[in-house]
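Trainee: To start, I am sharing the structure in question, which I have written as C-alpha cells.
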Amino acid sequence: MYDVIVIGAGVTGCAVARELSRYKANVCVLEKCEDVCEGTSKANSAIVHAGFDAAQGSLMAKLNVRGNEMMDKLCEDLDIPFKRNGSMVVCIHKEALEGLKDLYDRGVANGVKDMKILSREEALEMEPNLSDNVQGALYAPTGGIICPFKLTIAMAENANMNGVEFRFNTKVEDITKNDDGTWKIRTNNGEYLTRYIVNAAGVYADKIHNMVSEKKAHIIERRGDYCLLDKEAGTHVTHTIFPQPTKLGKGVLVSPTVHGNLIVGPTAVDIEDKEGTNTTAEGIADLQAKANDHVKNLPLRKVITSFAGLRAHLEQHDFVIEEVADAPCFIDCLGIESPGLSSSPAIGEMVGNMLKEKMNLENKDNWISKRKDILDPSKLSIEERNELIKKNPAYGNIICRCESISEGEILDAIHRPLGARSLDGVKRRTRAGMGRCQAGFCSPRTMEILNRELGLSYEEITKSGGRSNIVLERTKNQKGEQA
Amino acid sequence: MEKRELTCIGCPMGCQITVEMENGEVLSVNGNTCAIGDKYARNEVTHPERTVTSTAVIIGGDKPRVSVKTKSNIPKDKIFDCMKEIDRACVKAPVHIGDVVVKNVAGTGVDVVATREVPAV
Amino acid sequence: MISYDIVIVGGGPAGLAAAISARKAGVDKILILERDKELGGILNQCIHNGFGLHTFKEELTGPEYAQRFITQVLDEKIEYKLHTMVMDISSDRIVTAMSREDGMYQIKAGAVILAMGCRERPRGALNIPGYRPAGIFSAGTAQRLVNMEGYMPGREVVILGSGDIGLIMARRMTLEGAKVKVVAELMPYSGGLKRNIVQCLDDFGIPLKLSHTVVDIEGKEHLSAVTIAEVDKNMKPIPGTEERYTCDTLLLSCGLIPENELSRNAGVEMSPVTSGPVVNESLETNIPGVFACGNVLHVHDLVDYVSEEATRAGANAAKFVKGEMAENSDKVIDIVATDGARYTVPSTINVERMDDLLTVRFRVGAVYKNSYVSVYFDDERVMHNKKRIMAPGEMEQVILQKEKLKEKSGLKKITIRIEAEDAN
C-alpha cells in the first residue's frame, strides 16, 4: 500500500514527486513510457515564462509567477542550467501598441517584476534582428530559458534519491475504490494500492480523471510544430522573442535555447489524438512564415530537426489543481499546458502542501535537496580534464562528435538513479545525438555501450522504449551466433 | 532486329550505348567512347556478369563480419545463389585480404575471397 | 608541448594519402590523428567494389583500397593515433587532441592537414513532415550497421535520395534479403553514378522515381509506412500524386556536408557553396600552413580523386614545413565558376607557387548534354572542351598549365563556365 501514487512522470508528476519526497510517505510514480519526460514535457518551447500572459487572478498566473521565482534556487540545487535571458513581446503594427500596455498592466497585476515598455529604437538596440516593422516591445527580464529534459530528469532523480519509486512501462488501465476508501489501480504491470492519487497524466489526464469522476473532463490536444536550428544560428536573437498573443496562445516565438541552439515555434492546431505528435508540411511552413513576421533574416536553412508537441488544453484555459469533488483522495492536475514547465515547481509545491495537510505528512530528517548533474568535462581546464581521464579513461573517449559527449558522460547517464535505457534516454541526459548530425555518427557507438553496460542485445535496444527497436536481426541469420 | 539501350558501367562516364541484335547475335554497338564500352555492351546483352560483394560471419576476430567479394565476375543470374553460400559461410580469424571464404561459389568456378584484414583476438 | 612537422586530422583516404606523400617529400615527423578504432575511414564500411580504377587500374573494394594506403603508412613508419578526437585547432596551429590513453594534450604543428571528411545530411535538415519513429537512418549509418556490426535495420525499405550511398545500400539490403520498394529522388536527375543506378537498382528491378519526395512518415514507435509524392518545378509536392508504401526502414541519402567545425573554429575561411575551406593552388587555406583535402574540402565522387588531391596537399605541406614554398604574394589570380559551374577547387592561384600542371576541379549545377567546358583568361577564351554529358553527381576538371599562365602577365581572373555548342 502506497501513501501516494503519482500517475505520469512528466515535469508535473516529477515536480510533485520531488515535493512529496520531503515527507515521510511511501510514494510511487507510474509512467506508461520507458522513461521520464516522454510526453508534453519533452516537446515544448523550453521557456520559463515571466508570467504576464496568463489571465489576471487565474491559477495559471499565480503558479507561473511563483514557479518563475522558484527556478533559480531549484536549478542551483539540481545542478542544471537556467538562464534569465529575458523575453520580449514585439509589436509590429502601430495600432496594436495599446495591446502591449494591456499586457504590461496584466503582468504588473500578476506580480511580474521589472517589466518595461520599449520604444522601437530601444527594442532594436537590444535585438538588432527584430523585424524592420517593430513599433515597440514589452520587455520582461525575468523570462528565462531552461532544458525541459534536464529539469524533469533532475527532479525525478532527486525524488528517487529520496525514496520515491518509479515504475516505467506501466500504463494505468483502470482505477477503482476499495471498501476502506483506498484506491486500486490496475495497470498492464499488475495492481497498485494507494491512499491518494495525483493525476499528472498530461494529455491523458482527462482519461485518468474520468475513471474516477462522474463530472467528465475533456482535454483538447493542441499540437505545436517546432524547428530547432543549428548552434551556428544560436545567437540570432539573445532574448526570447514573442509576437503579441492571440486567442490560440502566445504565438510563434524565436528564442535561443539554454544549450545554444535557436528554437522557432510553436504552431497551434487543435486535434483529437493523444499521440498525434507528427509534424506537417503546412505546420512547418506556417511557423516559418509567422516567425519571419517579427524576426528578420532567420537562417531557416540551418534547421537540424523539427518536432511537434501536444499541449493539454482545457476549454477554460486554466490549470485545474484540486481534489476531485466526487472522488476524495484523488488530486487532479488538469490542463497543464503552457506555462506548465515554468509553473512546475509551484505546482509541485501546491500539491505537496495539499497532501501534507490532508495526510498530516511529517518532514523527513534526512531529505536531500541537492543533486549533481552529469559532469560536463567541457567546463574543465585541460589539466582538470587530464586528471579526470586518468581517473576514468572513459572521459577521454568522445562518442558524440557534434556535441563532444564522452563515453564517461554516457556511462554516468546509464548508471545513475533512473538511468537511461534507450538512445533517447542517453540523448536527453547527455545531449549525445542531439547535435547537427542527429545521431548518425554516434548511435551505433551508443548502442555498443548500452549493449555492454545493460546486457541488452542489439535487437533489444530501442530509440525510446516500446517497439522502437533500432535493428531487427543479425545479418546472415546463423543460429547460435552470439551477440 | 532488336535494339537494346544500356548505360555503360565501365567508368563514371556512364555512356549510353545502343546495341543492335538479331537472333542473339550482336550486329552493332554505338554510343560508347572506348573499347571497354564495346566489350561491356557485348557481354551485357549476351552473358551479363557482376562482382558480388557482401560480408561473411567471422569468429574469433576483432569484428563480427569480414567483407568479401567474388574474386572475379560471376553470371548475373547466379547472384542470389552466390549470396546463399556466402550467408552460410563462417570463417575463423585471422583472415587476410585474398583468403578464400567460399570455394567455387554456386558452381561458377569463382572463389569468394576476403577483402579486409581481420586479426584474431 | 610536443611538436610535429605535420599533423594530419583524420586517418581516412585523404589523411593516409597526404601522410604518405609528405613522407615521400622528406618530412620526418608526421602524426595522423584518427577518431575511430582503425585507419581507413569510411572506406571500411564501403565494402562494394569500384574503387581504385584510376589509381591502381583495377577495381577494388573500399577496405582493399584503404589497405593499400594503410600498408604504405605502416611501411613508412608514419606515426598515428587511433581513438583520438581532435578537440581544437588554433590559428597558430596548436592542435588539442584527446583519447582514453593519452588524456587531453596539445601538439605544436609545423603544418596541419585537414582531412576530416564529411557527414550525411540528417532527416531533421530535410524538413520531412510526419512522426519521428525508430527505423529512419541516414544511408551511411545503416551501411555501418549492416556491413560492420552485422545487423539488419529492417526488411521492407524505402530510400529517399539517389546519392551513391543510397544506391549502394539499395543493393546491399536486397542482397541481405530485404525488399527495397522504391528509391525517391527530389531532383529530376540522380545524384549518383550511372554504374550504381544500373548495378544497384536496375539489376534488381528497384524503381527510381525522379522528382519525388517523402511527404509523410507514419508510425509512432517504429516506422510503419511512408508516403511519397511527385514534386513540381519548385520542389513542391503535387497533390494527388501521393503513393503510400508500407515499410519498416527509411534510408536517407540526401547529400553530404563537409565536416568543418574544427576548421571554422580555427578561423578558416569557408565557401558557402562547398561548405568546405576556400583554398589556393597549394590547397592551403587562408591560415598559412593549414591545408585541406578530401571530402572536408569538397565532396568528391571518386575516392581516387581524394587520394590524388591529398597527395598534392601532403606535398605542399611538406614544402611549407621545409621552407621551400614561395612566399604568398598579392599577385593572385582568382578562379571564378559561373554559368553552370558551381564552384572550383582551388579558387585562387599564385603562379609562382603552382606546379607545372594544376588540376582545377568543379561541379556543374544541372545536367548538361553536348556542352562545352570553357576556360577564360580574363576575357579571352583559352579552352573549349566538348563534353557529351555533365551531371551534378560527378566532378569535372580542367588542367591549367603554369607556362600558359606565365605567358599571360597581368592575368587577374580565370573563369570557368559551361557553354552551349553555338556560344562564341
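The values are calculated or read from the model by the stated rules, or taken from the named source; none is laboratory data. Keep in mind it's a predicted model, so treat the numbers as computed, not measured. Note that we place each Cβ from the backbone using ideal geometry, even for glycine, and neighbour counts take in every protein chain shown.
Trainee: Being under 13 Å from A:Ile146 (Cβ atoms), in contact with a helix residue (DSSP H, G or I) (Cβ under 7 Å, 6 or more places away or on another chain) and not in a helix (DSSP H, G or I) is the requirement here; does A:Asn44 meet it? Lay out the reasoning, then the answer.
Mentor: Details: under 13 Å from A:Ile146 (Cβ atoms): yes; in contact with a helix residue (DSSP H, G or I) (Cβ under 7 Å, 6 or more places away or on another chain): yes; not in a helix (DSSP H, G or I): yes.
Yes.
Trainee: While we're on this one: Mind checking which residues of segment C:112-132 are more than 20 Å from C:Gly166 (Cα to Cα), facing another protein chain (nearest Cβ under 8 Å) and outside any loop (DSSP other than H, G, I, E, B)?
Mentor: Of everything in segment C:112-132, just one residue is more than 20 Å from C:Gly166 (Cα to Cα), facing another protein chain (nearest Cβ under 8 Å) and outside any loop (DSSP other than H, G, I, E, B), namely C:Gly130.
Trainee: Looking at A:Gly99 and the list (1) part of a helix (DSSP H, G or I); (2) touching a residue at least 60 places away in the same chain (Cβ under 8 Å); (3) out of contact with any strand residue (DSSP E or B) (no Cβ under 9 Å at 6 or more places or on another chain), which single condition is not satisfied?
Mentor: Looking at each condition in turn, A:Gly99 falls short on (3).
Trainee: Yes or no: A:Asn44 buried (at least 22 other Cβ atoms within 10 Å of the Cβ), among the polar types (S, T, N, Q) and under 23 Å from A:Arg223 (Cα atoms)? Give the steps one after another, and end with the answer.
Mentor: Values: buried (at least 22 other Cβ atoms within 10 Å of the Cβ): yes; among the polar types (S, T, N, Q): yes; under 23 Å from A:Arg223 (Cα atoms): yes.
Yes, satisfied.
Trainee: Restricting the search to segment C:133-157, which residues are within 7 Å of chain A (Cβ to nearest Cβ), touching a residue at least 24 places away in the same chain (Cβ under 8 Å), over 22 Å from B:Glu85 (Cβ atoms) and surrounded by fewer than 24 Cβ atoms within 10 Å (Cβ to Cβ)?
Mentor: Matches in segment C:133-157: C:Pro133, C:Arg144.
Trainee: Test C:Lys233 against the stated conditions and say whether it is assigned to a loop (DSSP other than H, G, I, E, B) and more than 30 Å from C:Met85 (Cβ to Cβ).
Mentor: Details: assigned to a loop (DSSP other than H, G, I, E, B): yes; more than 30 Å from C:Met85 (Cβ to Cβ): yes.
When the stated conditions are applied, C:Lys233 passes them.
Trainee: Hey, any hits in segment C:317-327 for a residue that's closer than 25 Å to C:Leu16 by Cβ and among the aromatic types (Phe, Trp, Tyr)? Full working, then the answer.
Mentor: First, the residues of segment C:317-327 that are closer than 25 Å to C:Leu16 by Cβ: C:317-322, C:324-325.
Of the ones still in play, those that are also among the aromatic types (Phe, Trp, Tyr) are C:320.
Yes; the residues of segment C:317-327 include at least one that is closer than 25 Å to C:Leu16 by Cβ and among the aromatic types (Phe, Trp, Tyr).
Trainee: On the given criteria, is A:Ser131 in contact with a His (Cβ under 6 Å, 6 or more places away or on another chain) and outside the structural domain of A:Ala201 (by TED's automatic domain parsing)?
Mentor: yes
Trainee: Please determine, by comparing only the residues of segment B:23-53 that are within 9 Å of chain C (Cβ to nearest Cβ) and loosely packed, with under 15 Cβ neighbours inside 10 Å, which one is nearest to C:Leu201 (Cα to Cα).
Mentor: Looking at the filtered set, the residue picked out is B:Pro48.
Trainee: Follow-up question, since we're still on this one. State yes or no: is C:Thr274 β-branched (Val, Ile, Thr) and either buried (at least 24 other Cβ atoms within 10 Å of the Cβ) or in a loop (DSSP other than H, G, I, E, B) (or both)?
Mentor: Values: β-branched (Val, Ile, Thr): yes; either buried (at least 24 other Cβ atoms within 10 Å of the Cβ) or in a loop (DSSP other than H, G, I, E, B) (or both): yes.
Yes; evaluated as a whole, the condition is true for this residue.
So that you can scan it fast, the table gives a plain yes or no per residue for (1) charged (D, E, K, R); (2) outside any strand (DSSP E or B); (3) more than 9 Å from chain A (Cβ to nearest Cβ):
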residue	(1), (2), (3)
C:Gly110	no, no, yes
C:Ile159	no, no, yes
C:Ser162	no, yes, yes
C:Met169	no, yes, yes
C:Lys181	yes, no, yes
C:Ala184	no, no, yes
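Trainee: Can you tell me which residue is nearest to A:Thr305 (Cα to Cα) among those in segment A:418-459 that are polar (S, T, N, Q) and touching a strand residue (DSSP E or B) at 6+ places or on another chain (Cβ under 9 Å)?
Mentor: As a first pass, look at segment A:418-459 and keep what is polar (S, T, N, Q): A:422, A:430, A:438, A:443, A:446, A:451, A:457.
Add one more test, that the residue is touching a strand residue (DSSP E or B) at 6+ places or on another chain (Cβ under 9 Å), and what stays is A:422, A:430, A:438, A:443, A:446.
Values: A:Ser422: 19, A:Thr430: 18, A:Gln438: 8, A:Ser443: 16, A:Thr446: 20 Å.
Per the stated criteria, the residue is A:Gln438.
Trainee: Also, I was wondering about something else. Pairs only if they're at least six apart or on different chains, beta carbon under 6 angstrom, first in segment C:203-223 and assigned to a loop (DSSP other than H, G, I, E, B), second among the polar types (S, T, N, Q) and crowded, with 16+ Cβ neighbours inside 10 Å; list them, first residue then second.
Mentor: C:Glu221/A:Ser468
Trainee: Does A:Gly433 satisfy the condition of being surrounded by 18 or more Cβ atoms within 10 Å (Cβ to Cβ) and in a loop (DSSP other than H, G, I, E, B)? Explain how you work it out, then say what you get.
Mentor: Numbers: surrounded by 18 or more Cβ atoms within 10 Å (Cβ to Cβ): yes; in a loop (DSSP other than H, G, I, E, B): yes.
Considered against the rule, which asks whether it is surrounded by 18 or more Cβ atoms within 10 Å (Cβ to Cβ) and in a loop (DSSP other than H, G, I, E, B), A:Gly433 comes out as yes.
Trainee: Within segment C:180-202, restricting attention to residues that are β-branched (Val, Ile, Thr) and closer than 20 Å to C:Val226 by Cα, which residue is surrounded by the fewest Cβ atoms within 10 Å (Cβ to Cβ)?
Mentor: Pass one, segment C:180-202, residues β-branched (Val, Ile, Thr): C:180, C:182-183, C:197-198.
Next cut, closer than 20 Å to C:Val226 by Cα only: C:180, C:182-183.
Working: C:Val180: 24, C:Val182: 20, C:Val183: 29.
If we take residues in segment C:180-202 being β-branched (Val, Ile, Thr) and closer than 20 Å to C:Val226 by Cα, then C:Val182 is surrounded by the fewest Cβ atoms within 10 Å (Cβ to Cβ).
Trainee: Shifting gears a bit: List the strands (runs of 3 or more DSSP E) that sit entirely inside segment B:54-102 and contain at least 2 residues that are under 27 Å from B:Glu44 (Cβ atoms), more than 9 Å from chain C (Cβ to nearest Cβ) and of a type in the set (Phe, Trp, Tyr). Write out each step before concluding.
Mentor: Values: elements: B:65-70, B:90-92, B:100-102.
Because the criterion is at least 2 residues that are under 27 Å from B:Glu44 (Cβ atoms), more than 9 Å from chain C (Cβ to nearest Cβ) and of a type in the set (Phe, Trp, Tyr), no strands (runs of 3 or more DSSP E) in segment B:54-102 meet it.
Trainee: Considering only segment A:398-419, I want to know if a residue exists there that is free of Cβ contacts under 8 Å to residues at least 12 places away in the same chain, among the β-branched types (Val, Ile, Thr) and facing chain C (nearest Cβ under 8 Å).
Mentor: The first filter runs over segment A:398-419 and keeps only residues free of Cβ contacts under 8 Å to residues at least 12 places away in the same chain, leaving A:398, A:419.
In the following step, the residues that additionally are among the β-branched types (Val, Ile, Thr) were identified as A:398.
Filter again for facing chain C (nearest Cβ under 8 Å), leaving A:398.
Scanning segment A:398-419 turns up at least one residue that is free of Cβ contacts under 8 Å to residues at least 12 places away in the same chain, among the β-branched types (Val, Ile, Thr) and facing chain C (nearest Cβ under 8 Å).
Trainee: Of (1) over 27 Å from B:Ala114 (Cβ atoms); (2) surrounded by fewer than 21 Cβ atoms within 10 Å (Cβ to Cβ); (3) of a type outside the set (Gly, Ala, Ser); (4) within 24 Å of the chain's Cα centre (by Cα), C:Val86 satisfies all except one. Which?
Mentor: Unmet condition: (2).
Trainee: Right, here's the next one. Restricting to segment C:213-239, give me the number of residues that are under 15 Å from A:Glu282 (Cα atoms), buried (at least 18 other Cβ atoms within 10 Å of the Cβ) and either charged (D, E, K, R) or facing chain A (nearest Cβ under 10 Å) (or both).
Mentor: Looking only at that region, the number is 4.
Trainee: Search segment C:70-97 for residues that are touching a residue at least 60 places away in the same chain (Cβ under 8 Å) and small (Gly, Ala, Ser) and pair each with any residue that is surrounded by fewer than 19 Cβ atoms within 10 Å (Cβ to Cβ) and assigned to a loop (DSSP other than H, G, I, E, B) when their beta-carbon atoms are under 9 Å apart and the residues are at least 6 apart or on different chains.
Mentor: So the pair list comes out as C:Ser90/C:Gly267; C:Ser91/C:Gly267.
Trainee: Any chance you could count how many residues in segment A:451-475 are within 7 Å of chain C (Cβ to nearest Cβ), crowded, with 17+ Cβ neighbours inside 10 Å, assigned to a loop (DSSP other than H, G, I, E, B) and of a type outside the set (A, V, I, L, M)?
Mentor: 4
Results for (1) buried (at least 18 other Cβ atoms within 10 Å of the Cβ); (2) touching a residue at least 24 places away in the same chain (Cβ under 8 Å); (3) assigned to a loop (DSSP other than H, G, I, E, B), shown as yes or no for each residue.
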{"residue": "A:Ala327", "(1), (2), (3)": "yes, yes, yes"}
{"residue": "A:Lys356", "(1), (2), (3)": "no, yes, no"}
{"residue": "A:Ser369", "(1), (2), (3)": "no, yes, yes"}
{"residue": "A:Glu384", "(1), (2), (3)": "no, no, no"}
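Trainee: Taking segment C:25-62 as the region of interest, how many residues are within 14 Å of chain B (Cβ to nearest Cβ), farther than 18 Å from A:Arg445 by Cβ and among the basic types (Lys, Arg)? Write out each step before concluding.
Mentor: We begin by selecting, within segment C:25-62, every residue within 14 Å of chain B (Cβ to nearest Cβ); these are C:36-62.
Within this subset, residues satisfying the condition of being farther than 18 Å from A:Arg445 by Cβ are C:43, C:46-62.
In the following step, the residues that additionally are among the basic types (Lys, Arg) were identified as C:57.
Qualifying residue count, segment C:25-62: 1.
Trainee: Let me ask you something else. Taking the condition surrounded by 18 or more Cβ atoms within 10 Å (Cβ to Cβ), part of a loop (DSSP other than H, G, I, E, B) and at pLDDT 95 or above, does A:Arg421 pass?
Mentor: Working: surrounded by 18 or more Cβ atoms within 10 Å (Cβ to Cβ): yes; part of a loop (DSSP other than H, G, I, E, B): yes; at pLDDT 95 or above: yes.
Answer is yes for this residue.
Trainee: Are any residues in segment B:3-18 hydrophobic (A, V, I, L, M, F, W, C), at pLDDT 85 or above and touching a Lys or Arg at 6+ places or on another chain (Cβ under 8 Å), and if so, which ones?
Mentor: So the first thing to find is which residues in segment B:3-18 are hydrophobic (A, V, I, L, M, F, W, C), and the list is B:6, B:8-9, B:11, B:13, B:15, B:17.
Remaining after also requiring at pLDDT 85 or above: B:6, B:8, B:17.
Within segment B:3-18, just B:Cys8 meets the criteria.
Trainee: Return a yes/no flag: does segment B:106-120 have any residue that is more than 19 Å from C:Thr61 (Cα to Cα) and within 12 Å of chain C (Cβ to nearest Cβ). Even if it seems obvious, please write down each step before you answer.
Mentor: To start, the set of residues in segment B:106-120 that are more than 19 Å from C:Thr61 (Cα to Cα) comprises B:106-109, B:120.
Within this subset, residues satisfying the condition of being within 12 Å of chain C (Cβ to nearest Cβ) are none.
No, segment B:106-120 contains no residue that is more than 19 Å from C:Thr61 (Cα to Cα) and within 12 Å of chain C (Cβ to nearest Cβ).
Trainee: Continuing with this model, one more query. Might you check whether a residue that is on the phi > 0 side of the Ramachandran plot and of a type outside the set (Gly, Ala, Ser) occurs anywhere in segment C:38-59? Lay out the reasoning, then the answer.
Mentor: To start, the set of residues in segment C:38-59 that are on the phi > 0 side of the Ramachandran plot comprises C:40-41, C:50, C:52, C:57.
This time we only want the ones that are of a type outside the set (Gly, Ala, Ser), so: C:57.
Yes, there is a match, as at least one residue in segment C:38-59 is on the phi > 0 side of the Ramachandran plot and of a type outside the set (Gly, Ala, Ser).
Trainee: Which one of B:Thr70, B:Thr46, B:Thr115, B:Thr53 is hydroxyl-bearing (Ser, Thr, Tyr), over 16 Å from C:Asp203 (Cβ atoms), under 17 Å from the mean Cα position of the chain (by Cα) and modelled with pLDDT of 95 or more? Outline the logic, then answer.
Mentor: Working: B:Thr70 fails: over 16 Å from C:Asp203 (Cβ atoms); B:Thr46 fails: modelled with pLDDT of 95 or more; B:Thr53 fails: over 16 Å from C:Asp203 (Cβ atoms).
Within the list B:Thr70, B:Thr46, B:Thr115, B:Thr53, the selection yields B:Thr115.
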